[in-house]
1. Per q in 0.09, 0.15 Å⁻¹, report the Debye log10 I(q)/I(0) for region 4-187, using one uniform scatterer on each alpha carbon and no solvent.
2. Can you count the Lys pairs in region 4-187 with C-alpha separation below 26 Å, eight or more apart or on different chains?
3. When you take every Cα atom in region 327-380, what is the radius of gyration, and what is Dmax, the widest Cα pair distance, in Å?
4. At a Förster distance of 56 Å, what's the computed FRET efficiency of Glu413 paired with Asp73, Cβ-Cβ distance as r, to 0.05?
5. Quick one: if you stick a label point 7 Å off each Cα along the C-beta vector at Asp477 and Thr330, how many nm between them?
6. Run the dipole for region 44-165 about the Cα centre, Lys and Arg Cβ at +1, Asp and Glu Cβ at -1, nothing else charged, and hand back the magnitude in debye, nearest 20.
7. For all pairs of alpha-carbon atoms in region 359-462, what percent lies in each bin of width 10 Å, listed from the first bin to the last filled one?
8. Return Met117, Met464 ranked ascending by Cβ neighbour count within 10 Å, so the fewest neighbours appear first.
Amino acid sequence: MVNVKELARLRPCGRLETYSTARHHLGYYNNVILAATYLSSLSSHSLEPFIYFALIEVIAKHSNLSAIPLDEDKSYPDVHFVRLPSIDLRTCVELRERKGSLSKDGEADEELDGILMEQHGRGFAEDLGMKPFWRLTVLRSSTENTTFTAVWAFHHALLDGASALMFHDSFLSALSKHSQGPDLNPTPIVDSPTGPLPPPFEEQHTMTISWLFFLGAIASSLLPSIFDKRPPNLWTGNRIPEEITSVPKFNSRTFVLAADTVKRLAQLSRGQGVTVTASLHALVAASLFANLPEHDFDKVNIAAPVSMRPFLEDVPDDQMTNAITSYEITHHRPTPTHSEKGGALQYFSWAEARSVKSAIQATVAKTGSDNSIALLKYVSNIHDFLTSNLGKERTLSTELSNVGVYKPKSEGEWKIGRMTFSQCANPMDAAFHINVVTGGDGNASLNASWCDGAVEEDLIGKVMDGLKKAVEQLVEDGEDLVIVKAEAIGSR
């Protein structure tokens, strides 16, 4: 048994990192997952040596992966990162055989959804000091070794969702480096790198806050009935339980947009002067309105994280980090238009999407100032802060996280196809989460995650089905409109 107090101490966890360690300790939020399917045209080799050799290189490159937080039951500055002297890959890598075949263009991977739910239910506290705070589950074909899905789960204190793309970039590069097959079987025990751990977010960015922002936060905290009054008829799912005595059941369901649909949505969005994220955000709100009782709920509140990496000081492009801010928008139920179409599109407008884009731009324009993360320095006990919302109404309907489009940094014998991004649904947070990534195959995976009791599964299914149908109908209508305009011009 390892004496964790004797492990090499790296540095205290920053305040944002401590927010993640506290959620993990309480069982509210176990991990984040970014899964990717790898494909190669090479002749078949035994897959396990490829995986091990690639991980050896990835671990050597990213010091975050050999660090683990200790004393998660404490608050800043008493939580620390320590370094594992070595990593036994047999403790954190599992190879499984797929029961079915890979999903086709636009099809969901139900087998993968099962793995996501299973992994979200597992934290990293077991055998503390003997395993890293990440796991890799490899789903391989029973007939050939040139295609597999790598499901990488990690503790959120180590890095953010955008940085998870770097793991797969590094892993892909290392796989291609050994594309002709390893000459020798690699050792499963990997020495940890000796380089320093990157500094926390708070040391990479000043995160200045204005008096107006600060006083607004204080007023909302001290006099919420006046300065943070809940809007009437706002839907935020079911009330947070009075107590949470056991780890909640985390649910996951993924919907997939085909590559051509994604391409046309991007083109249509650009033509309307918005981003895909802004379009999806407005469509999520529209689908909620289409599936919530009209007379009971006329508002939804949607938040989304924004990466602060572009505004960090002296951070290499390939360095994993954990740096975010966020924005949130309260949408009001509009008068239905295009009612003949029914569904979510009757509540969607490009004007609303442009409003979302403006909110994103306003957040980015702050370059990290007036970031709610900066207010964590006024929280003395992070666990009490997190549990203070027990028994209260939620403030968010959903959170939409889009880590973007995967673009390989180099070409090799291996390539990445479908990707899926997922994270634990925090029982103290939004009713459900929507996590988006577009993989190398051009398909966009829209993963919904929620906790038992936060929202009804039937509603999640209707909202996500409505979202997918709305996107498909929107791009169809957009293409028809282009054709009509072209015909009108040609007839002049």
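1. For the requested q values the scattering log ratios are -0.34, -0.90.
2. Number of lysine pairs found: 6.
3. Final numbers for Rg and Dmax: 16.7, 54 Å.
4. FRET efficiency, Glu413 to Asp73: 0.75.
5. Result: 2.7 nm between the two label points.
6. Here the size comes out at about 340 debye.
7. Result returned by the calculation: 12, 28, 34, 20, 6, 0.
8. Ordered from fewest to most neighbouring Cβ atoms within 10 Å, Met117, Met464 come out as Met117, Met464.
Computed from the coordinates by the stated procedures, all read-outs in this text should not be read as laboratory data. Values in this document were obtained by computation on a predicted structure and should not be read as measured data. So basically every Cβ, Gly included, is an ideal-geometry build from the backbone, and we count neighbours across all protein chains shown.
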